[in-house]
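Visitor: Dumping the structure here so I can ask a few things about it.
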Amino acid sequence: MAILVTGGLGYIGSHTVVELLNNSFEVVIVDDLSNSEKFILKNIEEITGKKPVFYPFDLKRKELLAQVFDAHQIDGCINFAASKAVGESQEKPVDYYENNLFSLINVLKEFKERNISNFIFSSSCTVYGQAETMPIDEDTPLKMPESVYGKTKQMGEEILKDFANAYKAKISLLRYFNPIGAHPSAKLGELPVGVPNNLVPYVMQTAAGIREKLSIWGDDYPTEDGTPVRDYIYVVDLAKAHVAALKKLIGDESTGTVIDIYNLGTGKGSSVLEVVKAFEVANDVSVPYQICARREGDITVAYANADKAEKELHWKSETSLEESLRTVWEWQKYLNSRN
Ligand code: NAD
Ligand code: WQD
C-alpha cells in the first residue's frame, strides 16, 4: 500500500515518513526541496533501514505528478507540501495562494481521475484565530485568519470537504497547534531557512550563538507572565497521529463520504517565557532575550482540546515540553557537526 507524502522531506513530513515506514507502509515522496534539503532522505534511510521513493519536483508540475500515479499504486496521500511563513505570505499573497492551493488541487485531480480516497491535509490551529474559550475544540467556530497563509489553510479545508462530499472520498483534516522538537536520533529536525520566524528555532539559534538575542514580542498580554501562550506539541507525537489518522481512514469500510477533523496538541498551554526557561533548564544553556513590541497578528492564547483524537485515534501526545526542547538542542549540535 503506497502512500504519497507531499513535502515529505520537510520538518513534519520527514518525521511522518519515518513513522509510516516503521508501520510497513510503502512511501512515495514528492518534494521540490524549496524548504528542505536532500540529506534528510539519507537520514530517513539511516533511521529506518528503508528507502522511500523520492521525486524532486514542484507539485504545480501536474504532468510530472501524473507520472508518479502511473508508476505507483497510490492508496492515500498525506499532503504536507505548502509554503508556511506567515509574514512572507503577507508580502507574496499570489505566490502563497498559487503554491498552497494549486499543489493541493493537482493532487486532488489525480485522486478524482483514479478514484482514490484516504487524503490527509496539514491544517493549522490558525483557522480558529483567537478563539473565545480555551481549550479549543473542533466545534469552535472558525474565523477568517488574518494572514494569507492562514487563509490558504482554511480554503484548503473547504476544498477538501467539497472534494469528499462530491466524490464520496475519505479525508482527515489535522489542525496542528505548535509543532516543536527533533527526532531522538538527532538526524531530523526543523531546518529554518534564513532567520527563523518561529519561537523554538530562534531560541535554539540564540543558545547556539547564531543569534545574539531573542526578541520576545510583547509581555503585556493578559496572561500569567504577560507573554502569549501556545500549545507546543512534540513533532514525533504529531507524526504518530498521522499514522493513526491514516489507519482510521483506510480501516473505514463505509462507502460514503468521511470527513475527520482533529486538533493535534498536548492540551497544555505554555507561555513564551516558560518555553525560554524550560529550554535553559533542559539543556543547561543560557538564552539571552529582550522584551520588544508585540508582533502584528499574534493572538494571546491557543491550546487544544485533543480529546477527540484521543478517543477516535487512540492517540495522545505523551512528550513533555522539556524533553521536546532537549531534542532541539541535540539537533542543533548535529547541525553544528555537519558544518
Ligand atoms: P516545511 O516547510 O518543513 O515542509 C514543507 C515541505 O514541502 C518542504 O520540504 C518543501 O520543500 C515542500 N514543498 C513546498 N511547496 C512544494 C511544492 N509546490 N512542490 C513540492 N514540494 C513542496 O514545513 P512543515 O513545518 O513540515 O509543515 C508541513 C505542513 O504543515 C505545511 O502544510 C504547514 O503549513 C503545516 N503546518 C505547519 C506548522 C508548523 O508550525 N510547522 C503548523 C501547522 C501547520
Ligand atoms: C509563538 C510565540 C510569538 C518568535 C505560527 C503560525 C502557525 C503555525 C505555527 C504554520 C508567539 C512568540 C516568536 C520570536 C517571540 N505555522 N515569538 N519571538 O505564531 O503561534 O504560530 O507558527 O502553520 O500557523 O502562525 O508560532 O513560534 O511564531 O510564535 O516572542 O522570535 O512566540 O509572539 O507568541 P505562532 P511562533
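The values are calculated or read from the model by the stated rules, or taken from the named source; none is laboratory data. The shown structure was predicted, so the numbers you read here are calculated from the model rather than taken from an experiment. We place every Cβ from the backbone using ideal geometry, glycine too, and count neighbours over all the protein chains shown. With ligands, DNA and RNA removed, areas are computed over all heavy atoms of the protein, side chains included. Shrake-Rupley method; radii C 1.70, N 1.55, O 1.52, S 1.80 Å.
Visitor: Can you find a residue that is among the aliphatic types (A, V, I, L, M), open to solvent by 70 Å² or more (accessible area, probe 1.4 Å), under 22 Å from residue 192 (Cα atoms) and within 19 Å of the chain's Cα centre (by Cα) anywhere in the range 133-150? So that I can check it myself, show each step before the final result.
Guide: Keep residues of the range 133-150 that are among the aliphatic types (A, V, I, L, M), which gives 134, 136, 142, 144, 148.
Next, from what is left, pick out any that are open to solvent by 70 Å² or more (accessible area, probe 1.4 Å): 144.
Okay, now just the ones that are also under 22 Å from residue 192 (Cα atoms), so none.
No, the range 133-150 contains no residue that is among the aliphatic types (A, V, I, L, M), open to solvent by 70 Å² or more (accessible area, probe 1.4 Å), under 22 Å from residue 192 (Cα atoms) and within 19 Å of the chain's Cα centre (by Cα).
Visitor: While we're here: Can you go through 111, 102, 80 and tell me which one is among the aromatic types (Phe, Trp, Tyr) and in contact (Cβ under 8 Å) with a residue 60 or more places away in the chain?
Guide: Working: 111 fails: in contact (Cβ under 8 Å) with a residue 60 or more places away in the chain; 102 fails: in contact (Cβ under 8 Å) with a residue 60 or more places away in the chain.
Every option except 80 fails the conditions.
Visitor: State which residue pairs qualify: first residue more than 12 Å from residue 153 (Cα to Cα) and more than 16 Å from ligand 2 (Cβ to nearest atom) and inside the range 118-141, second residue open to solvent by 20 Å² or more (accessible area, probe 1.4 Å) and not in a loop (DSSP other than H, G, I, E, B) in any location, beta carbons under 6 Å apart, and separation of 6 or more residues or different chains.
Guide: 118/170; 118/250; 138/261; 138/308
Visitor: OK, next. Show me the strands (runs of 3 or more DSSP E) found entirely inside the range 227-297 where at least 1 residues are open to solvent by less than 20 Å² (accessible area, probe 1.4 Å).
Guide: Values: elements: 232-234, 258-264, 289-292.
Here the list reads 232-234, 258-264.
Visitor: Got at least one residue in the range 67-74 being open to solvent by 60 Å² or more (accessible area, probe 1.4 Å), farther than 16 Å from residue 120 by Cβ, away from ligand 2 (no atom under 16 Å from the Cβ) and among the polar types (S, T, N, Q)?
Guide: So far as the range 67-74 goes, yes, one or more of its residues are open to solvent by 60 Å² or more (accessible area, probe 1.4 Å), farther than 16 Å from residue 120 by Cβ, away from ligand 2 (no atom under 16 Å from the Cβ) and among the polar types (S, T, N, Q).
Visitor: Sticking with this structure for a sec: Could you list, in sequence order, the residues of the range 175-195 that are within 10 Å of ligand 2 (Cβ to nearest atom) and either part of a strand (DSSP E or B) or modelled with pLDDT of 95 or more (or both)?
Guide: Step one: of the range 175-195, the residues within 10 Å of ligand 2 (Cβ to nearest atom) are 175-180, 195.
Passing the criteria: 175, 176, 177, 178, 179, 180.
Visitor: From the list 274, 190, 253, which one is more than 18 Å from residue 310 (Cα to Cα), of a type in the set (Asp, Glu) and within 15 Å of ligand 1 (Cβ to nearest atom)? Walk me through it before giving the result.
Guide: On the way: 274 fails: within 15 Å of ligand 1 (Cβ to nearest atom); 253 fails: within 15 Å of ligand 1 (Cβ to nearest atom).
Answer to the check: 190.
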